[in-house]
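Inspection log for the structure reproduced underneath, given as structure tokens.
Values in this text are rule-based calculations from the coordinates and carry no lab data. Since the model is a prediction, treat every value here as computed from it, not as a measurement. Heads up, the Cβs are rebuilt from the backbone with ideal geometry, glycines too, and the neighbour counts pull from every protein chain shown.
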Amino acid sequence: MKQKGSINRNFYRQPRVRALVPDLKLLLSVLFVSCESHIGCWLPAGLADDSGLSDEALAGGLAALEKEKFIEIDQETGEIFLNDFFRNNTFKTPQRVGQARSDFNVIESEKLRKKVLEKIELSPECGLKKSHFENNQQLNFQGEGEGKEEGKGEERERTRARGSDHVSFSKNQKQSSAAAIKESVEQADVKQIHETGLTIKTIEDQLLSEKLVEQYGFEKVKEAAVQVLIEQGAAWPSVAAKKLSGFNPNERGSKITKGKWAGFNDKNYLEGIGDNYSF
């Protein structure tokens with residue numbers, strides 16, 4: 001998860017940003033600062049609390065920002081993408097590219113995946129290329145013959161390094177994760193079971209499992225693993241992570257439902273709805 005958000009110094013000097021009312025400037029700033037993704041596309045939570053806006057004002061503000069092309073929203077998944085993300089973020093090192101690739105892989109919205117790639121092509125100065133993501137293949141744990149083991153080992157190390165950049169671990173935790181991954185690979189099974197009961201198929205699954213234990217504690221992760229196993233037949237760490245965070249797939253986009261959007265097209269959110277041009 002990205003720990004910091006950045007905005008260029010001249011961001012607020014752009015004419016179209018200056019034209020926004022204070023509440024919209026605030027909401028746009030909150031989106032940039034609270035963005036959890038290294039690729040600028042994520043499923044936000046707590047925007048109303050962070051911005052101090054009511055649910056109604058938040059929905060209207062998001063509608064206005066999307067209308068003015070500051071953001072793209074997929075109402076099916078609830079995910080938001082910052083259209084100017086790559087103007088404010090650069091990826092000049094292999095570590096940064098690895099972080100971007102890892103976060104790109106968890107985007108659920110096909111619409112926003114395409115939008116991310118489109119914006120990358122339009123922002124060559126950011127350091128990313130479309131090929132970074134089109135050629136990003138998942139590591140296969142099944143054996144492919146002794147003659148290929150050396151090359152596979154190098155690829156495993158590169159993949160593990162990318163995963164380490166995406167999740168922050170202490171030195172001991174890194175060593176523990178690396179040992180677990182190495183043991184899993186040597187056994188050459190398609191699936192492994194984490195000590196919490198989570199299903200491990202890739203290195204990313206192993207790293208995420210360790211991170212969940214660090215963040216929520218062993219017992220809570222174990223409970224989540226049991227629930228996901230019952231619901232889906234396999235306790236995938238990514239699904240457990242959503243359950244632990246409170247995400248409900250049956251309530252996607254609940255903050256921007258049609259009911260809360262009703263009537264917003266009749267209001268000018270660039271001028272505000274109050275006497276002081278606020279929400």
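Each label point is 7 Å from the Cα along the Cα-to-Cβ direction; what then is the distance between the points at PHE218 and LYS130, in nm?
Going from the PHE218 label point to the LYS130 one covers 4.9 nm.
How large is log10 I(q)/I(0) at q = 0.15, 0.22 Å⁻¹ when the Debye formula is applied to the Cα atoms of the range 1-141, each weighted equally and without solvent?
-0.74, -1.53
How far apart, in nanometres, would the label points at VAL33 and GLU195 be if each is projected 7 angstrom from Cα along the Cα-to-Cβ direction?
In this crude spin-label approximation the distance works out to 3.9 nm.
Using the Cβ atoms and a cut-off under 14 Å, what net charge is assigned to the surroundings of LEU122, where Lys and Arg are +1 and Asp and Glu are -1? Mind showing how you got there, number by number?
On the way: positive: LYS69, ARG87, LYS114, LYS115, LYS119, LYS129, LYS130; negative: GLU72, ASP84, GLU118, GLU121, GLU125.
Around LEU122, the surrounding residues sum to +2.
Residues with amide H under 5 Å of GLU79's amide H, sequence separation 5 or more or different chain, H placed in the peptide plane at 1.01 Å from N; which?
Those qualifying (amide H under 5 Å, at least 5 residues apart or on another chain) are ASP74.
With labels modelled as points extended 7 Å from the Cα through the Cβ direction, what inter-label distance (nm, one decimal) is found for THR93 paired with ILE7?
2.6 nm
Multiplying the sequence separation of ASP55 and VAL226 by 0.36 nm and subtracting their Cα-Cα distance, what value in nm do you get? Please list the in-between numbers first.
Numbers: separation 171, 0.36 × 171 = 61.56 nm, distance 3.34 nm.
Between ASP55 and VAL226, full extension yields an extra 58.2 nm.
How much net charge surrounds VAL17 when only other residues with a Cβ under 14 Å from its Cβ are counted (Lys, Arg +1; Asp, Glu -1)?
Overall, the nearby charge balance is +4.
Assign unit charges at the C-beta atoms only (+1 for Lys and Arg, -1 for Asp and Glu), then state the dipole size of the range 19-132 relative to its Cα centre in Debye, rounded to the nearest 20. Could you put the intermediate results ahead of the total?
Working: 14 positive and 19 negative charges, 159 e Å.
So the dipole magnitude of the range 19-132 works out to roughly 760 debye.
Lys and Arg at +1, Asp and Glu at -1: add these up for the other residues within a Cβ distance under 12 Å of THR90 and post the number.
+2
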